[in-house]
Amino acid sequence: MENDTVVAILGPNGRKGFRNEARWDHFYTTTDFSGTADLPLTTDLSSSTSVGVQYYTREYSYLRATGDQFAGPGLSTIEALAILDNPTNNRVTNNTLGSYVQETLGWRDRLFLTGAVRVDNNSAFGNDIELVTYPKASVSWVIGEEPWFQDAAPSWLSQLRLRAAWGESGESPAAFSALRTWSPVTAPGNQTGVTPTSSGNPDLTAEVGRETELGFDSQFFDGRLGLEFTYYRKLTEGAILSRDLPPSTGFSGNQFVNAGEILNQGIEAALNANLINRGNLSWDVGFNISHNDGEIRQLSGEPGDTSIVFNSWSSMEHRVGHAPFTWFGVDVVSAEVDAEGTVLSAMCRDGEGGTTPCFSESGSVIAPRVDLGRAIPPWEMSLTSSVSVGSGLRFHALVTSMQGHKRFDNTMRQRFKLYRIARANFYPEEMDPLMAAALKGGDQIIDPWVNDASFIRLKELSATYDLPQRYVQGFGVSRASIQIAGRNLFTFTDWTGSDPEVMYTSGSRAFMAQNNLPLAQQIVTSIRVSF
C-alpha cells in the first residue's frame, strides 16, 4: 500500500530513491607585467613613472547528473538509477586585456600628484565595442610635516595626511552577455537542430563608474591611536542590469543591458589603538566600519522604464528610487483563518503607509508589490584584538558583522510548502494565520521567505607561540612556531536558514538554498618552521 504523504512530497518516481550530483569549478588566472622608473627632477621635485600590461582569465565549468528510481536496495550511484535525466555540462571563459600608464610627482616628500589612464578590452563586449578608457587623478598632502602646521598643531596630534581622488573604473559584462546563443534540440525526423537561448545584446559595453573620494589619515598620542576616514561618491553610468524579455522578441529568459545610473555613496572608517604597551605586554585593537547608501537614479533600458525585474520568480527588482537588488513582493500584515485552516480574510501593505485586502473575492492576489528590503548589506563591520605576552606568545581575535540586509530563505520556503501538505491537512489549527495567507497566494507572496540576514560572528580566535631559539637552533631552524586557531566559532543572528553567509550554488548574493552547507566550525593546529 502506497504512503500518500510520501508520494505527495517526493512524487511517484522519487519515492523509490533519487540522486543529484553537481560540480562547480572556478579558475582565475592573472598575468601582470609592470615597471616603474623613479627620477629626481630637482632637489625638491621627484618623478615616478609606471607602465604595465595585465591579462585576466576567468573560467567557470558546471557538470550535473541526476535521476530517479534505484534498481534495488543498497544502491547509491548514478548508474544504478532506472530513470536518468539529461546530464548538463557547461564551460564559460571570460578574458580581459588591459594596459596602463601612471605618473606621480612628489614635492619635498609631502605633496604628491598622480595622474593615470587605463585601457581595457574584454571578450564579453559587443561587436561594436573595442576598447574602454579609464582616467584617474589624485592628490595627497602630508600636512602634518609642514613646519607651520607643526607649530600650530596640538601636542596630541602626531601626524595628519589629507587626500582626494577622482577616477573612472568599469565592470565588464558576463561572458556571452552580448552574444546570441542557441541550445541543441531534437528536430522533426529525429534530426539535430538548435533553438534560441539568449538574444544577446551587441551594443553591450562595460559599465563606467565615476568616483570621487575625500579623506584623511591621522595619528594621535605618538602613534598610539590612529584614525582613517574616507567619504566616497560614485555615479555609475551604463550600469549592467538584467531584465526579462517580452515573449514578442521570440526569446525567453533575461537580457543584459546598459540600463541607467546608480549612485553609491558612503563612508569607510578605521580606528586602530595600542591600548597597552608595557614591557612584555602589548594589546592592540582595530575597528573597521563602512556604510553604503545605494540608489538607482535612472533606468534607460526602454523609454519610461522605472523598474527592471532582475529575477521574476523571486521578485527581485532594480527600481528607480530604491537600492539595487531590492526585494519587492506582497507583504501580509494580518490574517484570519477558521478551524479548518481556510483563510477568511487577509490584509497587506499598500505601499503608502496603509493596508489593503490581499485577495479578491475569487482568491487571486490583488495587493501591490512593496519594498521588502535590500539584498546588499548597507553596513559592514569588523573588530580585531591582538595581545602579545613576552617575546613569544600572541593571541588574536576577529569578529565580523553585516547588518541591514535581507535574503531569500529557500529552505524555509520548501519546509513550509511541504508542511502544508504533510501536516496542515491533519492539524490545520497549528498553521500561523500569516503563513496560511502567504501559502494561499502561492509563490506570488514571498514575504515569509525574505528575512533579515544580519549577523555578528566570532570569525577567528587563535593563540600562537614562538618556540625559544635555544630549542630549535640545533636543528638548523631559524624560527619555529605553533598555532591553535578556531574559526566560525559563534554566530549571533535572527536568520531563519542554516547560515547567513552561505551563498546559493549559482553564486548569487541574495539566495539561500537547502542544498548548501553552513560554514564549518574548525579547530586548526599548525606548525610553521623557517630554515
>> Could you work out what % of the accessible surface of the range 70-151 is carbon and sulfur, using a 1.4 angstrom probe and leaving DNA, RNA and ligands out of the count?
In response: 54 percent
> Can you give the FRET efficiency for Trp283 and Val51, using 1/(1 + (r/R0)^6), R0 = 56 Å, r = Cβ-Cβ distance, to the nearest 0.05?
Replying inline: 0.80
>> Among 337-346, 260-269, 84-93, how do they line up by average Cβ neighbours within 10 Å per residue, starting with the highest?
In response: 260-269, 337-346, 84-93
> By how many nm would the segment from Trp379 to Phe221 grow when fully extended, if each residue of separation counts as 0.36 nm and the alpha-carbon distance is taken off?
Replying inline: 53.9 nm
> Between Trp107 and Asp25, how many nm apart are label points set 7 Å from Cα along the C-beta direction?
Replying inline: 5.6 nm
> Sorted by packing (mean other beta-carbon atoms within 10 Å per residue), highest first, where do 375-384, 148-157 land?
Replying inline: 375-384, 148-157
>> Suppose the chain between Asn121 and Asn89 were pulled fully straight at 0.36 nm per residue; how much longer would it get relative to their current alpha carbon spacing?
In response: 8.7 nm
> Which FRET efficiency value, to the nearest 0.05, do you get for Glu361 and Gln298 by plugging their Cβ-Cβ distance into 1/(1 + (r/R0)^6) with R0 = 41 Å?
Replying inline: 0.55
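The values are calculated or read from the model by the stated rules, or taken from the named source; none is laboratory data. A quick note: this is a predicted structure, and the numbers were derived from the prediction, not measured. All Cβ positions, glycine included, derive from the backbone under ideal geometry; neighbour counts span all protein chains shown. SASA here: full protein model, heavy atoms, side chains in, ligands and nucleic acids out. Shrake-Rupley method; radii C 1.70, N 1.55, O 1.52, S 1.80 Å.
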